[in-house]
1. Is one or more of the residues making up the range 150-157 touching a residue at least 60 places away in the same chain (Cβ under 8 Å) and either part of a loop (DSSP other than H, G, I, E, B) or surrounded by 17 or more Cβ atoms within 10 Å (Cβ to Cβ) (or both)?
2. Conditions: (1) modelled with pLDDT of 95 or more; (2) out of contact with any helix residue (DSSP H, G or I) (no Cβ under 9 Å at 6 or more places or on another chain). Residue 235 meets all but one. Number of the miss?
3. If residue 227 satisfies all but one of (1) surrounded by 13 or more Cβ atoms within 10 Å (Cβ to Cβ); (2) at pLDDT 95 or above; (3) out of contact with any strand residue (DSSP E or B) (no Cβ under 6 Å at 6 or more places or on another chain); (4) farther than 15 Å from residue 135 by Cα, what's the number of the condition it fails?
4. Could you please let me know if residue 118 is surrounded by 13 or more Cβ atoms within 10 Å (Cβ to Cβ), at positive phi, at pLDDT 95 or above and not in a helix (DSSP H, G or I)?
5. Looking for something touching a residue at least 24 places away in the same chain (Cβ under 8 Å), assigned to a loop (DSSP other than H, G, I, E, B), in contact with a helix residue (DSSP H, G or I) (Cβ under 8 Å, 6 or more places away or on another chain) and closer than 18 Å to residue 199 by Cβ - is there at least one such residue anywhere in the range 254-266?
6. Got a number for residues in the range 158-176 being in a helix (DSSP H, G or I) and touching a strand residue (DSSP E or B) at 6+ places or on another chain (Cβ under 8 Å)?
7. Counting only residues that are surrounded by 14 or more Cβ atoms within 10 Å (Cβ to Cβ) and part of a loop (DSSP other than H, G, I, E, B), how many does the range 211-222 have?
8. Counting only residues that are over 19 Å from residue 269 (Cα atoms), surrounded by fewer than 19 Cβ atoms within 10 Å (Cβ to Cβ) and touching a helix residue (DSSP H, G or I) at 6+ places or on another chain (Cβ under 7 Å), how many does the range 167-204 have?
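The values are calculated or read from the model by the stated rules, or taken from the named source; none is laboratory data. What you are looking at is a predicted structure, and each value in this text was computed from that prediction instead of being measured. Reconstructed Cβ throughout: ideal geometry from the backbone, glycine too, with neighbour counts over all protein chains shown.
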């Protein structure tokens, strides 16, 4: 039978030489003998094959003078100094997803506008991120134990001051007007921490205590981020007769509330600020 000489392709993989012998079509070629025959993979664009057979890719080298992120939230500026904010943030907040993922202050200090009494009013997205960040700090059991008797106990042991220093490091104080309101801003932030701490305990009670009241199941919290010992101590305090009576009174008073907030994450201070800017 007549044999055919088939020239080799120009773009075959490395390993097939242009001086390869002619292929006999009658012989059965196995993939083990010629692994590259019939399995040619086109070379990707931007990838060059050198003479040694190694594939090289173009390197993306950042321009000199730009800030190069070394890790999440840690930037090296032109002076080479690292921000201590991100390292503290990693210890204070846990990893989350979606809108609750920590975003405030990760790229540097955040510049916000405050009204005359220290309430943040602009920009809206940064104010909302600050509110979520405060809520994340207040929900961390390592920062604010759930079994603390009251807010005054947390203030005495320095937990509130640590949280304020973390938030202070995330804010931009270059504006003299903002710096002059530092004490008022601290009071507003501390009040929000207290509110978010109580709100978090209420949510956990509503989900993991009230449905299982009187059952042994109430001592097991489904939130994996809550310390088991703190939760058992908190449940034991809720089981006390005096606290049960206080809870019933609070439920009755809450049911008498007629007006509810309908502005979402936008505070009343932001609404007043926008009305003043429009007028």
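1. no
2. Unmet for residue 235, out of (1) modelled with pLDDT of 95 or more; (2) out of contact with any helix residue (DSSP H, G or I) (no Cβ under 9 Å at 6 or more places or on another chain): (2).
3. So the condition that residue 227 fails would be (2).
4. Yes.
5. yes
6. 1
7. Number of matching residues: 1.
8. Of the residues in that region, 2 qualify.
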